[in-house]
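The structure appears below as structure tokens.
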Amino acid sequence: MNKATRAAIEKIVNALETLGDEVESLRDDEQEKFDNAPEGLEAIEAAADNLDTAHDNITEAIEALRAAME
């Protein structure tokens, strides 16, 4: 892998890390809303679960990109 490709991947990884942090923050906010909400508000729980899945997928993408640079 040449320097230019490695630099491009690193730029993508950095952007994904920033997005992952933002998604994680949103997930935490939704989880806090769910924890403080009356029972029966499954939509909030579903949103938190979906944000958690998105965060996990971003983390996996970062790991795969880093592995590609090895």
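The values are calculated or read from the model by the stated rules, or taken from the named source; none is laboratory data. What you are looking at is a predicted structure, and each value in this text was computed from that prediction instead of being measured. FYI the Cβ positions are ideal-geometry reconstructions off the backbone, even for glycines, and counts take in every protein chain you see. We work out accessible area using only protein heavy atoms, side chains counted, and drop any ligands, DNA or RNA first. Shrake-Rupley method; radii C 1.70, N 1.55, O 1.52, S 1.80 Å.
Residues to consider are 64, 54; find the one that is free of Cβ contacts under 8 Å to residues at least 24 places away in the same chain and part of a helix (DSSP H, G or I).
64
Any idea which of 45, 17 is open to solvent by 50 Å² or more (accessible area, probe 1.4 Å), touching an Asp or Glu at 6+ places or on another chain (Cβ under 9 Å) and not aromatic (Phe, Trp, Tyr)?
Testing whether each residue is open to solvent by 50 Å² or more (accessible area, probe 1.4 Å), touching an Asp or Glu at 6+ places or on another chain (Cβ under 9 Å) and not aromatic (Phe, Trp, Tyr) leaves just 45.
Here is a yes/no grid of residues against (1) under 23 Å from residue 68 (Cβ atoms); (2) of a type in the set (Ser, Thr, Tyr):
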residue	(1), (2)
7	yes, no
27	no, no
46	no, no
53	yes, yes
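Could you check, for the stretch 23-33, whether at least one of its residues is touching a helix residue (DSSP H, G or I) at 6+ places or on another chain (Cβ under 8 Å) and loosely packed, with under 13 Cβ neighbours inside 10 Å? Give the derivation first.
Residues of the stretch 23-33 that are touching a helix residue (DSSP H, G or I) at 6+ places or on another chain (Cβ under 8 Å), as a first pass: 23-24, 26-27, 30-31, 33.
Add one more test, that the residue is loosely packed, with under 13 Cβ neighbours inside 10 Å, and what stays is none.
Within the stretch 23-33 (the criterion being touching a helix residue (DSSP H, G or I) at 6+ places or on another chain (Cβ under 8 Å) and loosely packed, with under 13 Cβ neighbours inside 10 Å), the answer is no, since none of the residues qualifies.
If you check 15, 48, which single one turns out to be in contact with a Phe, Trp or Tyr (Cβ under 8 Å, 6 or more places away or on another chain), of a type in the set (Gly, Ala, Ser) and part of a helix (DSSP H, G or I)?
The unique qualifying residue is 48.
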